[in-house]
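Notes follow the structure.
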Amino acid sequence: MTRAERQAELSGFVVLITGAAAGIGWAAARRFAAQGARVLIADIDADKAASRARELGAAHASFGVDMAQPEQVAEMVRACVSRLGGLDVLVNNAGRTDTDGLGVVDQPVSTFENLVAVNLRGSLNAAEQAAAVMRRSGGGAIVNVASGAALRPVPFRNGYSASKAGVLAMTRHHACAWARDGIRVNAVAPGYTRTELVEALIGRGRIDPAAVARRIPLGRMAAPEEIAAAIAFLASPRISSITGATFLVDGGSLLGSFGPTGETNSRAAPAGKPAYVVIGACGPIGRAMVERLSAEDATVVALDADGRQMAALAAEVAECHALPVDILDEYAMAQALANVARRFGRIDGVANAVGADAVISGKSDEALADHLTGAVRVARTAGPILRQQGFGTLVNLTSIGGEVAFGDNVEAAASAGAVTMLTRTLACEWSGHGIRVNAIAAGPIDATAHAVRRMPLGRAVSAQDIAETAAFLLSAEAGYVTGSVITVDGGLSVHAGPDCSVAGYAT
Ligand SMILES: NC(=O)c1ccc[n+]([C@@H]2O[C@H](COP(=O)([O-])OP(=O)(O)OC[C@H]3O[C@@H](n4cnc5c(N)ncnc54)[C@H](O)[C@@H]3O)[C@@H](O)[C@H]2O)c1
């Protein structure tokens, strides 16, 4: 699929976005419309929603809705189907926050209830109404906009934090319940985002943007378009294995309340063709990443020790440069990466799949030596080059075994957990150099029939989905994503319910 095809991939899709007259919702509406979708702009401000729809063009429509009113939510979904002909993607974005600065015991219950009515119950009602439509038409995608505040407490904004934590739990539950209906449900958890609301607060002196930036590892707030890119990624019809996931897009804020660490030499990547390096390129996942990145207008260099397989890779994926190197030999690796940087003048992204296939399948006997120490070697060899450039990104491949117990290989699980934390530590250490570091925690790509029965989606994870996720994390579109771990596991890690193949489970 070419870049142009990807940009128009939502042609014929209908997308309903709540709270779409402003901020993140409006950025998402523009984004989906640009990809060919028809958008229903739903908002409590009906006039503004109508003018936004006119701005997008005749193919789009608007609807005035108060998400706190269940009958209006049901009417909104009916209006989407009758006016735009269906419903393929729901973005539950409308939300309110508490600004009264009151603690739990001082805040009137009615204020708390209103936050829950809009942020949580409104989203829940919309999801259930939308799922009924999607089930009839064979599937769809739901993206719930939560918040970093759902993952750590924000004192004196308790109703907001609680309602958004509820949204994450709802996301996981719906993902498991509706997976066999072909409906994927995921959440985006944004950090501080410069929407009109935040700009207005800055204008009135209520927020000091410099003070906020000092508490964010990437040293700035997000642009609404960066959150919209993550929403569009999760809703993409190219993705089939991501469900029940929370995608944190917060510039590293959750890692700790500190700004860029150490020296700061961050700069934008220069114009021109980006250069990506895939390390551990000959396994199924590394190979899928090489194939996916080669479809971009980019230079792709594949590194692996297996000379024979490297020759086959170079023959089959004509666009890639295959470089045989012993990836467990740190000196040889450092030389190879330095050569790549010299030859192409830059390294924009490194995808590290070293030891990943064995850890993800739980078959590794030497996970701590291969996968974990391999990740340290990649960091030690790629890090100096990226830090000197002042831009670049690293994606580590790991397994959901780092978070939940599955399979019977304890060493693979221990390595996966360690690589996850290594990823977060590197994201902190390198934030001042403009380097983003993230991980993909994958579920099994070759699951047994027994394991597949426990997977909400009912099939093994696709290596292509892992590669697609890596391509997104490596791209400039993910410019505000660092220290994040995205699960690509068909919902396996969030599912603690019965065998998913049991009839009647998905109700
Ligand atoms: N801006 C941030 O820093 C930030 C950070 C984390 C999460 N979020 C979340 O992202 C989402 C969008 O936030 P934003 O910053 O773009 O907000 P915003 O205030 O700029 O826009 C929200 C939109 O929702 C609409 N809305 C509010 N109450 C509604 C209701 N009851 N029914 C229907 N529409 C309603 C508003 O009219 C507005 O158009 C929210 O869920 C918010 O909690 C925002």
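The values are calculated or read from the model by the stated rules, or taken from the named source; none is laboratory data. Note that the coordinates shown come from a computational prediction; the quantities given were computed from them, not determined experimentally. Here Cβ is always computed from backbone atoms with ideal geometry, including for glycine, and neighbour counts include all displayed protein chains.
Among the residues of the range 195-229, write down those that are among the small types (G, A, S) and at pLDDT 90 or above. Steps first, answer last, please.
First, pick out the residues of the range 195-229 that are among the small types (G, A, S): 200, 203, 205, 210-211, 213, 219, 222-223, 228-229.
Result: A210, A211, A213, G219, A222, A223, A228, A229.
Residues in the range 180-207 that are away from the ligand (no atom under 16 Å from the Cβ) and without any contact (Cβ under 8 Å) to a residue 12 or more places away in the chain: G205 only.
For (1) within 12 Å of the ligand (Cβ to nearest atom); (2) touching a Leu at 6+ places or on another chain (Cβ under 9 Å), each residue gets a yes or a no:
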{"position": "D100", "(1), (2)": "no, no"}
{"position": "V104", "(1), (2)": "no, no"}
{"position": "V118", "(1), (2)": "yes, no"}
{"position": "A126", "(1), (2)": "yes, yes"}
{"position": "N144", "(1), (2)": "yes, yes"}
{"position": "P153", "(1), (2)": "no, no"}
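Which is touching a residue at least 60 places away in the same chain (Cβ under 8 Å), more than 15 Å from the ligand (Cβ to nearest atom) and of a type in the set (A, V, I, L, M), of A169, A230, A210, A177? Lay out the reasoning, then the answer.
On the way: A169 fails: touching a residue at least 60 places away in the same chain (Cβ under 8 Å); A230 fails: more than 15 Å from the ligand (Cβ to nearest atom); A210 fails: touching a residue at least 60 places away in the same chain (Cβ under 8 Å).
Matching residue, one of A169, A230, A210, A177: A177.
With a requirement of 2 or more residues that are surrounded by fewer than 17 Cβ atoms within 10 Å (Cβ to Cβ), the helices (runs of 4 or more DSSP H) lying completely within the range 201-319 that satisfy it span 209-214, 307-316. Per the listing R83, R78, R96, R135, the residue uniquely within 11 Å of the ligand (Cβ to nearest atom), under 26 Å from A232 (Cβ atoms) and of a type in the set (D, E, K, R) is R96.
Here's the yes/no breakdown for (1) assigned by TED's automatic domain parsing to the domain that holds G283; (2) more than 19 Å from the chain's Cα centre (by Cα); (3) touching a residue at least 60 places away in the same chain (Cβ under 8 Å); (4) crowded, with 22+ Cβ neighbours inside 10 Å:
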{"position": "L372", "(1), (2), (3), (4)": "yes, yes, no, yes"}
{"position": "T393", "(1), (2), (3), (4)": "yes, no, yes, yes"}
{"position": "L397", "(1), (2), (3), (4)": "yes, no, yes, yes"}
{"position": "A414", "(1), (2), (3), (4)": "yes, yes, no, no"}
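In summary, helices (runs of 4 or more DSSP H) completely within the range 66-172 and bearing 2 or more residues that are of a type in the set (K, R) occur at 70-84, 122-137.
Taking first residues from the range 7-29 that are more than 7 Å from the ligand (Cβ to nearest atom) and at pLDDT 95 or above and partners that are assigned to a strand (DSSP E or B) and of a type in the set (K, R), the Cβ contacts under 6 Å between residues at least 6 apart in sequence or on separate chains come to V14/R38. Would you call R38 touching a strand residue (DSSP E or B) at 6+ places or on another chain (Cβ under 7 Å), over 15 Å from N92 (Cα atoms), in the same structural domain as G138 (by TED's automatic domain parsing) and within 11 Å of the ligand (Cβ to nearest atom)? Here the answer is no, as R38 does not meet what is asked.
What about E199, is it of a type in the set (D, E) and closer than 21 Å to A150 by Cα? Taking the combined requirement at face value, the residue does not satisfy it. The residue that is surrounded by the most Cβ atoms within 10 Å (Cβ to Cβ), counting only those in the range 416-438 that are small (G, A, S) and within 17 Å of D370 (Cα to Cα), is A416.
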